[in-house]
Structure formats: C-alpha cells, structure tokens
Amino acid sequence: MRENWRSKLSVLAGASALALAAVTATPALADGAPEAPLEVQLPADVSIAEGVTPEPGLEIPFPVDGTGTTGALDAVLSAKAAPPSSTCLGATAAYGSTGCFQHNGDIVWAGDTKKDGMSAAVGVYTDYGRAEAVCVNKLGVSTWATCDKDYRETGNVRLRALRYDGDTGKFYQPEAWSGWIPVDGTY
C-alpha cells in the first residue's frame, strides 16, 4: 500500500512540474523585440562617439532594411586576403543594430534597422589594451552613421552590436560580437 502511495505522489509531482513548465515557457521571438530589453553594463571610461552621415558618394557597406541600397555584403562575407579599400569587414548584427569595420581609414559603420525609439550602437574593442569606444547612430531607422577612428595598424579590433537609449544613456541587449578583425585588413 505504501509503495502505491509513493508512485502516485511521484506521478502527481511530475505532472505538476510539466504543467508549470508548459504555462511558464514562452517561445523565443527570432525577429521580434525582446519583451523587456536587458541593460548592458559598459566600463565607466567608455568613449561614446555620435556617428555622422556618410559623405555623399561613399559606398554603403550593405543595405539596411528599407533603404534599397546595394553594397559590398558579398565582399564582407568572403574577404580573405588584402580586400579592396572600401570593403567593410566583420559584419555583425543584432536586433536593431548592424555594423562593420572599414580598414582603409579605420571607419566604424553603425546601421539602425528597427524603429523602436533606440539607436544602433557598435562597440569597438582592441587586442592591445586601448579603451573601448562606441559608435552610436542617432540618425534614425534605415540609416547608416560612421565614426572615424585611428587604430594601431598592427592590432586587431572586435565589434559588438547593441542598442542605445539616448534618453537614459544606457545600452541594451540583444547583442552580437564579431571575430577579431585585422586593422590593416590583411588576414
């Protein structure tokens, strides 16, 4: 009799756990905004640069949804050895933000892909200890902004795409990281 009671209790506990998991589990939204953005803490000494509109005639690295521009996305994805000077390397994208690094001129590109009241932000890290810098695109959805930096040619940079709320000065996930990109563009 006692064994029967324990087996019934085990079944009841398992069923309860399964029901609770079914009620509380929610599917992930691949293309949708997170229900509540998660704040990302950046170092206190991070340099925040407001991106500027690219100069007329400058080739856009790849299209941002709704812009209809064509660019060098294939070159970004297939760059192996010394790429052309206009090639943007390390294409990185997260919800609402996309970015890349143009080695000729050390230009960081930040594209805003979602109309959500936040700005696109692309953080730049080096492998030689330089303080983190962030390029913020406050130009609005479906736009590109550039930040002109000067990195050591023998170093590498790594990009981090995330969102920025200009009203609060805070950064938010979702985020995405690139691999290490040689500043001189040579792999």
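Looking across the range 133-155, just one residue is at positive phi and either buried (at least 22 other Cβ atoms within 10 Å of the Cβ) or not polar (S, T, N, Q) (or both), and that is 140. Looking at 156, 137, just one residue is within 23 Å of residue 112 (Cα to Cα) and among the polar types (S, T, N, Q), and that residue is 137. Here residue 91 does not qualify as in a strand (DSSP E or B) and modelled with pLDDT of 95 or more. One residue stands out among those in the range 132-178 that are β-branched (Val, Ile, Thr) and part of a loop (DSSP other than H, G, I, E, B): the one that is nearest to residue 41 (Cα to Cα), which is 168.
Does any residue of the range 113-129 turn out to be in contact with a helix residue (DSSP H, G or I) (Cβ under 9 Å, 6 or more places away or on another chain) and not in a loop (DSSP other than H, G, I, E, B)? So far as the range 113-129 goes, no, none of its residues is in contact with a helix residue (DSSP H, G or I) (Cβ under 9 Å, 6 or more places away or on another chain) and not in a loop (DSSP other than H, G, I, E, B). In the set (1) on the phi > 0 side of the Ramachandran plot; (2) assigned to a strand (DSSP E or B), the condition left unmet by residue 105 is number (2).
The values are calculated or read from the model by the stated rules, or taken from the named source; none is laboratory data. Bear in mind the structure is a predicted one, so any value in this text is a computation, not a measurement. Cβ: placed from backbone, ideal geometry, glycine included. Neighbour counts: every protein chain shown.
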